[in-house]
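Worksheet: one structure, shown below.
Computed from the coordinates by the stated procedures, all read-outs in this text should not be read as laboratory data. Quick caveat: nothing in here was measured; it's all calculated off a predicted structure. Every residue, glycine as well, gets a Cβ built from its backbone with ideal geometry; the counts of neighbours run over all protein chains shown.
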Amino acid sequence: MTAIQRAKGMQDVLPEERRYWDLITEKAAELAHLFGFQRIDLPILEYTELYQRGVGEGSDFFVQKEMYTLEESEGVTLTMRPEFTAGFMRAYIQNGMSSWPQPVKLYTIGPAFRRERQQAGRYRQHSQFNCEILGEVDPAADVEVMLLAMNLYRSLGFSGLTFQLNSTGCPVCKPAYVQKLTNYLAQHLDKLGDLDKERIQRNPLRVLDSKEPGMDVLLADAPHIIDHLCDDCEAHFTDLRGLLDALDQSYSINFRLVRGIDYYTKTVFEVWAEGIGAQAAVCGGGRYDGLAEDIGGPSTPGVGFGSGIERIVLGMQEAGIEPPVPTQPTVLVAHFGGATKEAAVQLTFQLRAAGIGTRLAFARDKRSMKSQMREANKHDIQTVLIVGESELEQASVMVRPLDGGEQTLVKLTDVVAWLKNK
RNA sequence: GCGGGUGUAGCGUAGUGGUUAACGCGUCUGGUUGUGGCCCAGAAGACCGUGGGUUCAAAUCCCACCACUCGCCCCA
């Protein structure tokens with residue numbers, strides 16, 4: 001493995017693609033601030049226990065196979081964050097945010113790591129925009145994070161977006177529902193594939209988002225969780241829908257939308273977009289009122305979402321959305337080496353100090369003017385400043401516009417003003 | 001972990017058994033002495049993914065492996 005090659009599942013973000021990231025992160029931060037969220041940054045490495053507890057000891061499947069874990073010292077391991085929510089909650093508890101004005105609304109943008117086979121828009125290192133409201137049970141908080149996500153994709157120019165909405169209940173009502181679902185599925189074992197039979201054992205809710213053929217019909221008649229919610233969850237869901245309706249925000253109740261982890265409660269939602277392969281979801285979120293206790297802290301409600309930047313980029317490219325190209329210098333300083341090079345370097349930094357984006361022609365010794373002009377042309381330079389010996393004798397530079405205009409001799413002391421008035 | 005597709009210069013491709021592997025784009029240089037785009041010329045750049053095998057002869061046929069990619073599993 002000595003090849004010069006990036007590690008499996010990793011991506012280089014080159015300038016051409018980076019401009020999508022710039023636009024996304026810029027819009028995300030702008031919206032987050034508009035909604036009253038504050039940015040924080042969390043460590044990439046956390047003690048492994050945080051994720052073990054957060055996700056549940058039973059889910060050791062991914063703990064062993066899909067997390068990057070390294071040994072810190074004897075018996076102590078650190079894990080590269082596979083997600084953000086547990087880290088948010090840890091930071092909330094550890095920094096005493098329960099004594100801040102409630103609720104606490106936070107967002108962050110950064111990388112997360114999962115050791116899985118890659119698919120379209122799904123990599124081992126991926127970046128997420130995450131928003132969380134901690135310490136609030138009001139369904140209006142759910143609406144805030146949902147609409148923040150939706151507004152982001154709208155402002156980026158997406159069309160054909162849909163909200164997928166469901167409730168996953170709570171420890172009061174979920175177990176009974178899971179039992180009802182299991183019973184129903186048990187009565188139709190003959191219509192299930194091997195994969196779904198295994199899912200019944202491991203996590204019956206997962207049968208709901210099975211991609212096996214024929215499941216649409218079978219699941220349509222299965223018990224749906226929203227018909228089996230406890231009073232509290234029912235009220236929360238009703239309130240949430242009422243608020244969305246009041247906002248004229250459309251959504252699809254999707255009874256097959258599930259979260260496999262126990263700390264999720266009540267609201268679960270996704271935003272779907274086209275053009276990102278088999279994974280339609282461009283964002284996933286929900287309420288996690290049980291998480292704080294799971295990781296060993298005081299009961300703290302929370303709701304939020306995470307959105308994969310790579311998937312958004314993919315969707316934008318698919319939709320033909322063009323982010324702006326970052327501004328580059330429009331002035332190039334050319335020279336002939338020796339004393340003219342020194343003068344050219346001085347002029348270049350003088351222009352930059354005056355706020356004029358400037359590119360300096362590099363040349364170890366001397367370089368043909370043709371070559372320097374070609375360089376200017378390739379970089380969409382509008383004006384070339386030629387620093388030659390004859391010009392220097394007059395304390396001037398030749399100002400050569402590339403749009404076909406005449407070149408003129410300008411005093412060194414007047415160059416900045418000349419360029420600014422142009 | 002399972003399955004499909006693909007691997008020839010930086011990028012996109014041609015070449016399907018026979019001399020120094022081709023073309024386009026890109027890069028660099030030049031087309032007289034200090035001036036871009038277009039055009040012209042030249043140069044650099046590929047152990048044809050890797051390793052075996054078949055053959056007088058392999059980029060080309062066979063096998064294995066690796067990588068990339070898409071999907072399944074899983075999805076915090």
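Key figures
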{"read-out": "Between 0 and 90°, nearest 10: helix A:174-187 axis offset from chain A longest Cα axis", "value": "70"}
{"read-out": "With Cα atoms, 0 to 90° folded angle of helix A:231-246 axis to chain A main axis", "value": "40"}
{"read-out": "Helix-only [θ]222 nm of chain A, DSSP H runs n ≥ 4, -39500 (n - 2.57) each, per residue, nearest 500", "value": "-11500 deg cm²/dmol"}
{"read-out": "Nearest-20 debye value, segment A:331-421 charge dipole, Cβ charges on Lys, Arg, Asp, Glu", "value": "340"}
{"read-out": "Relative contact order for segment A:331-421, counting Cα pairs under 8 Å that sit 6 or more residues apart, in percent", "value": "28"}
{"read-out": "Electrostatic dipole magnitude of chain A [Cβ: Lys, Arg +1; Asp, Glu -1; Cα centre; debye, to 20]", "value": "1600"}
{"read-out": "Separation of the A:T25 and A:A140 label points, Cα + 7 Å toward Cβ, nm", "value": "3.3"}
{"read-out": "Point-to-point label distance, A:N203-A:S368, nm (Cα→Cβ direction, 7 Å offset)", "value": "6.5"}
{"read-out": "Top of A:L392, A:L134, A:L205 by mean-square fluctuation, Gaussian network on chain A, Cα under 10 Å", "value": "A:L392"}
{"read-out": "Sequence-separation-based contact order of chain A, relative, with Cα cut under 8 Å and 6+ spacing, percent", "value": "15"}
{"read-out": "Members of A:K8/A:K174; A:K8/A:K105; A:K370/A:K411; A:K174/A:K197 lying beyond 31 Å, as alpha-carbon distances in this model show", "value": "A:K8/A:K174; A:K8/A:K105"}
{"read-out": "Sites A:K8 and A:V76, calculated FRET efficiency, Cβ-Cβ separation with R0 22 Å, nearest 0.05", "value": "0.20"}
{"read-out": "At R0 = 41 Å, FRET efficiency that the Cβ-Cβ distance of A:D403 and A:E342 yields, to 0.05", "value": "0.90"}
{"read-out": "Approximate spin-label separation A:S390-A:R39, in nm, with each point projected 7 Å along Cα-to-Cβ", "value": "5.2"}
{"read-out": "Nonlocal amide H pairs with A:Q128, under 5 Å, H built at 1.01 Å", "value": "A:G110, A:A112, A:I309"}
{"read-out": "Those Cys residues of chain A for which no other cysteine Cβ falls under 4.7 Å", "value": "A:C131, A:C170, A:C233, A:C283"}
{"read-out": "Between 0 and 90°, nearest 10: helix A:309-319 axis offset from chain A longest Cα axis", "value": "70"}
{"read-out": "Hits among lysines - C-alpha to C-alpha of A:K191 under 17 Å, sequence gap 8 or more where chains match", "value": "A:K211"}
{"read-out": "Values of log10 I(q)/I(0), in the order q = 0.12, 0.15, 0.19 Å⁻¹, for segment A:331-421 under a Debye, Cα-only, solvent-free model", "value": "-0.30, -0.48, -0.80"}
{"read-out": "Longest to shortest principal axis, alpha-carbon extents of chain A, angstrom", "value": "94, 54, 50"}
